[in-house]
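Chemist: This is the structure I have questions about; it appears just below.
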Amino acid sequence: DEPSPNPNPNPNPNTAPNPFAVSPGIDAAEVKEEPDGPSIVESWEESEKENPYLFLSLDIPPTPLFKDSEGGAVVAQTPLFTVLRKYDGDTWTDQLIRGEQYRKQYVVTDLPNYLILVINRFTKNTFYTEKNPTIVTFPVKNLELKEHVRLEGPKFNKKVPTEEQIKAMSIKDMKKKLAKKKVDFSGVAERPELEAMLRRAYAPPITKYDLVANICHTSPPGQSSGEEQVDPIEAGSYRVHVLNRASGQWYEIQDLHVQEIMPQQIGLSESYIMVYERQQQA
């Protein structure tokens with residue numbers, strides 16, 4: 001029997017609707033055994049699936065092999081906008097799952113109020129876990145996703161009435177559109193208020209985010225100088241950067257040690273998990 005690279009499980013009707021989702025387009029190649037060894041038959045099956053997500057995983061470039069003038073490892077840097085291309089709808093992501101080759105393209109169909117980005121730093125093989133120390137530089141404020149991520153779905157592709165069309169609508173037409181958007185307009189009779197409600201109902205979703213927390217992983221000493229490798233997850237340590245909303249001050253916390261830190265330093269840290277909050281409607 002041919003493998004089914006993209007089984008379509010029956011959805012559970014008792015589960016809550018997905019608040020946000022990412023859609024991968026999946027291709028799978030069939031692998032067959034030949035007398036001279038396994039060969040890949042160019043028989044691809046295309047499929048599309050919408051999956052809910054709690055976070056977006058980001059892949060970073062492999063660790064550079066070259067050393068600096070003193071023989072130490074060179075820590076590379078890459079901007080966040082580069083690794084976000086995974087979700088631009090054009091970039092292919094290759095995966096090998098249960099002996100089958102998959103090529104995926106991702107688009108985002110909805111955005112949450114809090115966006116969690118996880119950098120795939122750790123890879124595990126038969127012998128040990130290896131960490132990629134590449135620094136991902138990222139903005140602390142005003143991360144605009146629509147410039148780097150393909151956003152598709154009803155919320156992003158809706159037809160927005162122009163200002164001229166709103167002005168030309170009757171009060172009855174405006175109430176019909178508000179009812180279609182499930183906006184409560186009871187008690188509102190004045191035209192200016194209905195127009196304002198209609199503009200808010202059809203306003204495009206906000207796609208700009210500000211950082212509110214950042215988790216960093218620090219490798220154990222000696223891992224970049226050629227000493228015997230140890231498990232970076234067990235031997236490493238974690239630090240977290242959190243924002244005090246009342247004062248606007250950032251703090252770095254590690255165990256019981258707390259100190260102030262500048263936002264410029266956070267954007268250059270060895271980040272592992274970033275938590276962004278969507279900006280509010282102006």
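FYI, it's all coordinate maths here, none of it is from the lab. Keep in mind it's a predicted model, so treat the numbers as computed, not measured. Neighbour counts run over all protein chains shown; Cβ positions are idealised from the backbone, glycine included.
Chemist: Taking amide H positions as placed in the peptide plane 1.01 Å from N, state which residues far from Glu144 in sequence (5 or more) or on other chains have amide H under 5 Å from it.
Modeler: Close amide H contacts, sequence-distant or interchain: Tyr209.
Chemist: Compute the Kirkwood hydrodynamic radius of the range 161-201, taking the inverse of the mean of 1/r over all pairs of distinct Cα atoms, and give it in Å to one decimal. Provide the component values of the computation, followed by the final result.
Modeler: On the way: mean 1/r = 0.0999 Å⁻¹.
Kirkwood hydrodynamic radius for the range 161-201: 10.0 Å.
Chemist: Follow-up. Going down the table (Lys159/Lys181; Lys155/Lys177; Lys49/Lys182), which pairs top 21 Å between alpha carbons?
Modeler: Lys49/Lys182
Chemist: What number comes out for the charge environment of Lys131, summing +1 per Lys or Arg and -1 per Asp or Glu over other residues with Cβ under 12 Å away?
Modeler: Net local charge, Lys131 excluded: -2.
Chemist: Here is a further query. In a shell of Cβ-Cβ distance under 12 Å around Pro232, excluding Pro232 itself, what net charge do Lys and Arg (+1) and Asp and Glu (-1) give?
Modeler: Around Pro232, the charge tally is -1.
Chemist: Below 21 Å, Cα to Cα, which lysines can Lys131 reach? Residues fewer than 8 away in the same chain don't count.
Modeler: Leaving aside lysines fewer than 8 places away in the same chain, those within reach of Lys131 are Lys67, Lys86.
Chemist: Under the Karplus relation 6.51 cos²θ - 1.76 cosθ + 1.60, θ = phi - 60°, what is the ordered set of whole-Hz ³J(HN,Hα) values for the range 118-132, x standing for Gly and Pro?
Modeler: 10, 8, 6, 8, 10, 10, 10, 10, 5, 9, 7, 9, 10, 10, 8
Chemist: I need to check one value: relative contact order of the range 161-201, counting alpha carbon pairs closer than 8 Å and at least 6 residues apart, in percent.
Modeler: Dividing the mean separation by the residue count of the range 161-201 yields 43 percent.
Chemist: Output ³J(HN,Hα) for the range 48-58: one whole-Hz value per residue in order, computed from phi by the Karplus curve 6.51 cos²θ - 1.76 cosθ + 1.60 with θ = phi - 60°, and x for Gly and Pro.
Modeler: Per residue, the Karplus-derived 3J(HN,Hα) values read 9, 8, 9, 10, x, 9, 9, 8, 9, 8, 10 Hz.
Chemist: Next up: Per residue of the range 143-157, what does 6.51 cos²θ - 1.76 cosθ + 1.60 with θ = phi - 60° give for ³J(HN,Hα)? Whole Hz please, x for Gly and Pro, Karplus curve as stated.
Modeler: Listing the rounded values in order: 7, 9, 6, 5, 7, 10, 10, 7, 10, 10, x, x, 6, 9, 10 Hz.
Chemist: A follow-up question, please. Which far-off residues, 5 or more places away or on another chain, put their amide H under 5 Å from the one on Gln101, with H placed in the peptide plane?
Modeler: Ala29
Chemist: Now for a different question. What does the charge add up to near Thr91, with Lys and Arg as +1, Asp and Glu as -1, over the other residues with Cβ less than 11 Å from its Cβ?
Modeler: Residues near Thr91 contribute +1 overall.
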